[in-house]
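A.B. asks: Got a structure for you, questions after.
Derivation of every value follows stated rules applied to the coordinates shown; laboratory data play no part. Note that the structure is a prediction, hence the values are computed from the model and not measured. Counting neighbours? That spans all protein chains shown, and the Cβs are built from the backbone with ideal geometry, glycine included.
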Amino acid sequence: MGVSALRMVTAKNVVHAALYLVLVLAGVAGIFILLAAEFLAIVQILVYIGAIVVLFLFGIMLTRAPIGRAPDLDNDQRGVAAVVALFLFGVLGSILYDGFGDDKLPVGEVVRSGDVGDSIFSTFVIPFEAISVLLLAALVGAVVIARRD
């Protein structure tokens, strides 16, 4: 996943970057399977790999983005980006350590997929719908930009 994530952000080809994103999201699904969260793994595959990546690819194709290698996609700020990434990693690590410290994950606690579905469609229904509207607006925007020609 780490190598695919690095290749995703350093790829000079936009379609290749989207395909590396598929590998990263498949790795996340694999981690969910290792955590015995099969429902979340299937949702990861169906929603993210099946829908979001297809939406990205439609957006790439509809906006007539350059498909081949584009040398102008890179700039000379890799050093600054590395410093900022290390800084954010340190800040996030310290916040997580302060928040959780030496707490252990509960072992043996079984979460039913019905509980996950109830929390998605009751507690988190507003963010779920907001993201769906945002993705629909992105797709409509891609179609409008492509139709101007």
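A.B. asks: Whole-Hz Karplus ³J(HN,Hα) for the stretch 52-59, in order, using 6.51 cos²θ - 1.76 cosθ + 1.60 and θ = phi - 60°, x for Gly and Pro?
C.D. replies: 5, 5, 4, 4, 4, 5, 4, x
A.B. asks: Could you list log10 I(q)/I(0) for the chain at q = 0.10, 0.15, 0.17 Å⁻¹, which the Debye formula gives when each Cα is one point scatterer?
C.D. replies: These q points yield log10 I(q)/I(0) values of -0.54, -1.14, -1.31.
A.B. asks: Right, next: In vacuo Debye scattering of the stretch 1-51, one point per C-alpha: log10 I(q)/I(0) at q = 0.14, 0.18, 0.27, 0.28 Å⁻¹?
C.D. replies: Scattering profile of the stretch 1-51, log10 relative to I(0): -0.35, -0.55, -0.91, -0.95.
A.B. asks: Using a Gaussian network for the chain with springs between C-alpha atoms less than 10 Å apart, which of these wobbles most: Leu88, Leu25, Leu57?
C.D. replies: With Cα springs under 10 Å in the chain, the top fluctuation among Leu88, Leu25, Leu57 is at Leu88.
A.B. asks: Can you tell which of Ser122, Ser132, Ser94 shows the greatest fluctuation in a Gaussian network model of the chain with Cα springs below 10 Å?
C.D. replies: Ser94
A.B. asks: Okay, which of the stretch 14-42 sit inside 19 Å, backbone N to the point 7 Å along the Cα-Cβ direction of Asp115?
C.D. replies: Hits in the stretch 14-42 for Asp115 at 19 Å: 32-42.
A.B. asks: Same structure, new question: Compute the acute angle (0 to 90°) between the alpha-carbon long axis of helix 78-100 and the principal axis of greatest extent of the alpha-carbon atoms of the chain; round to the nearest 10°.
C.D. replies: Value to nearest ten degrees: 20.
A.B. asks: Among Tyr48, Tyr97, Tyr20, determine the one that fluctuates most according to a GNM of the chain built with springs between C-alpha atoms less than 10 Å apart.
C.D. replies: Between Tyr48, Tyr97, Tyr20, it is Tyr97 that shows the largest mean-square fluctuation.
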